[in-house]
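Working notes, beginning with the structure itself.
Each reported figure results from applying straightforward, stated rules to the coordinates on display, with no laboratory input. Model, not experiment: these values are computed from the prediction. Glycine also receives a Cβ, built like all others from the backbone with ideal geometry; neighbour counts cover every protein chain displayed.
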Amino acid sequence: MFGSRRIAKVLLPRVSSRSSIALLVQRSGPFPSSARLCWRAAYSSDAATSTANVTTNSKTVEINGKKYATDSWFNVSSTVLSLTSRKLHLQKDHPVAITRKIIESVFPEPTYRYYNEFDPVVSTYENFDSLGFPPDHPGRARTDTYYINKNTLLRTHTSAHEAELFRASASGGYLISADVYRRDEVDRSHYPVFHQMEGARVWDRDKVPGKDLAAAVLADLERLPKHNMTVEDPNPPFHPERNPLQAGHHTEAEAAAVAAHLKRSLELMVNEIFSRAKAAAAAANAAAGDASPTDNKNNEEPLRVRWVEAYFPFTSPSWELEVFYQGDWLEVLGCGVSRQELHAGAGRPSQVGWAFGIGLERIAMLLFRIPDIRLFWSRDERFLSQFRGVEDDPSRIRPFVPFSKHPACYKDVSFWLAGAFSAAGGNPRGGAADWHENDLMEVVRDAAGDCVEDVRLVDEFTHPKTGRRSKCYRINYRSLEKTLTNQETNEMHDRVVRGLVEKLGVEIR
Ligand code: PHE
């Protein structure tokens, strides 16, 4: 997520084309709570329970039983706040929880300890500073991140807990699973809340036999199982400019050993997941009587993965792991050798190790062939019942069978951006230069909730004389659970339009 040379997109559920990562909005008042009206309406107990943990007034917000003071940085919608209690990664037989368990099985206790209950509210220090993010890093922007107040936010990644666990140094390694929050675009693979898993392994150079760190790491590497995937790893373990080792902290032998241990560990994980996905597809085909030629072909081909150089402020060298899946290279995780400053800052200067982060929804979408990220939040039995019993017996994984595709309804909204040339004038949010697409996405989510499948920019125009800028977005209203009536769609679209005018100061064309 947070590279600066190249912005890595790994942990998002899918590859994103955004030029800066993640999301968020300044709001002047509470958004209408009609947001989740449609597809949750049939499950009204949902709305009641999901908001039970959150109360807001103008000065404080209560999240998971704790109160926080808000200030002018506060930009979390009630919809997003209501999701802070869901913890899908801990719900028995939820596909996110099943995915977590499968990954945990590759990183066994007691070497690895599992942490699944960390609170989503963290400080900007934990989320950014402790990890070496520069003060002007785009990930810190309020357009990208949900802030409670200037110094407190909803974590944007599980790395926010790295420093704390390095300090505790309670085990040779750990896995953290948790909900993370990013203001983002609206489409079938982006949702403002998703789940990540963070993993790390450390060695203490003062405690390994003979104080020979590289030898100790290589000995642990020898003990890991082997796999038979085809791995493309064309780059050297480090490169002086592109992907440097931490000179002064690690010798070449040490950096190479840690990198090799990291790569094998993560290859084993990916192998486990994709072998299970293949087995699931094969079982479904067998049950259906025969296999389609495409599925047969996909199942016969050996799994191909490749290592790609990457950048994160808190690792060096760094990589992304990509998997060849249905004809495309797909990023599945980001990782690297942890920066020594983190260990030193945590009071453990003799510790050396690696870390990775992976988006669980994205993996679950591949594993279960779940076509739309909104489904993970469904309480519809037609969704949940398909995974019952799988957590205790992952051999029962089968591709998700979609329940009816409801019709799409496209509606366009065209508007002039607020700004110096706006007839409306006096936009409290500033001029057109302040335009951030994520703000529009947030208005749409708040007005229409999970009834919107995606939002796309379809036209842009700058008036040649006045310099005023206009944009046209196409919103696809499609519920996962029912056919929307014209009236419902029109009402939602009216709310979106009103929200854009009131919150972003645009002028409708
Ligand atoms: N936290 C990073 C992200 O969200 C992923 C990462 C974790 C990269 C650990 C390196 C090490 O993109």
Next item on the list: Report the local net charge at Val122: Lys and Arg +1, Asp and Glu -1, summed over other residues whose C-beta lies under 15 Å from its C-beta.
Entry: -2
Check: Relative to the compact globular guide of 2.2 N^0.38 Å, what is the alpha carbon radius of gyration of segment 449-498, as a ratio?
Finding: 1.48
Note to self: Around Asp392, under 12 Å between beta carbons, what's the net of Lys plus Arg minus Asp minus Glu among the other residues?
What the structure shows: +1
Checklist line | Karplus-derived 3J(HN,Hα), 6.51/-1.76/1.60, for each residue of segment 341-358, Hz, glycine and proline x | finding: 4, 5, 5, 5, x, 8, x, 10, x, 8, 7, 9, x, 10, 9, 9, x, 9
Check: Percentage of Cα-Cα pair distances in segment 367-509 greater than 24 Å, rounded to whole percent?
Finding: 45
Note to self: With θ taken as phi - 60° and the coefficients 6.51, -1.76 and 1.60, list the Karplus ³J(HN,Hα) couplings across segment 173-186 in order, rounded to whole Hz; mark glycine and proline as x.
What the structure shows: x, 8, 10, 10, 10, 6, 7, 10, 10, 9, 6, 7, 6, 10
Checklist line | Size descriptor, Kirkwood hydrodynamic radius, that averages inverse alpha-carbon separations across segment 268-390, Å | finding: 17.1
Item checked: For segment 348-388, alpha-carbon Rg and Dmax in angstrom -> 16.7, 52
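Tell me the Kirkwood radius of segment 142-275: reciprocal of the mean inverse pair distance over distinct alpha-carbon atoms, in Å. Kindly include the intermediate steps, with their values, before the conclusion.
Numbers: mean 1/r = 0.0560 Å⁻¹.
Value: 17.9 Å, from the Cα pair sum.
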Margin query: Output needed: percent of Cα pairs per 5 Å distance bin for segment 307-350, bins running from 0 to the one holding the longest distance.
Written below: 6, 23, 20, 16, 13, 10, 6, 4, 2, 0
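What net charge do the residues around Lys87 carry, taking every other residue with its C-beta under 12 Å from that of Lys87, with Lys and Arg at +1 and Asp and Glu at -1?
Values: positive: Arg86, Lys92, Arg100; negative: Glu117, Asp119, Asp179.
So the environment of Lys87 carries a net charge of 0.
Compute the normalised compactness of segment 210-251: alpha-carbon radius of gyration over 2.2 N^0.38 Å, N being the residue count. Kindly include the intermediate steps, with their values, before the conclusion.
Numbers: Rg = 13.8 Å, N = 42, 2.2 N^0.38 = 9.1 Å.
Dividing the Cα radius of gyration by 2.2 N^0.38 Å gives 1.52.
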Check: Roughly how many Å is it from the Cα centre of segment 77-106 to that of segment 160-224, as a whole number?
Finding: 18
Check: From the cross-link list Lys67/Lys150; Lys67/Lys101; Lys87/Lys278; Lys465/Lys503, which pairs have alpha carbons spaced over 20 Å apart?
Finding: Lys67/Lys101; Lys87/Lys278; Lys465/Lys503
Notebook entry, point to check: Ordered by packing density, taken as the mean number of other Cβ atoms within 10 Å over each peptide's residues, highest first, how do 150-161, 209-220, 457-468 rank?
Noted result: 150-161, 209-220, 457-468
Checklist line | Overall Cα dimensions of segment 54-127, principal axis frame, Å, largest first | finding: 45, 28, 18
Next item on the list: Would you grab the residues whose amide H sits under 5 Å from the one on Arg339? Only those 5+ places off in sequence or on another chain, please, with H modelled 1.01 Å from N.
Entry: Thr315, Ser316
Item checked: Relative packing of 494-505, 438-449, 133-144, which averages over residues the other C-beta atoms within 10 Å, highest first -> 438-449, 494-505, 133-144
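Taking neighbour counts of Cβ atoms within 10 Å as a proxy for exposure, in what order, fewest first, do Tyr477, Tyr181 appear? Write out the running numbers ahead of the final one.
Working: Tyr477 23, Tyr181 26.
Starting with the residue having the fewest Cβ neighbours, the order is Tyr477, Tyr181.
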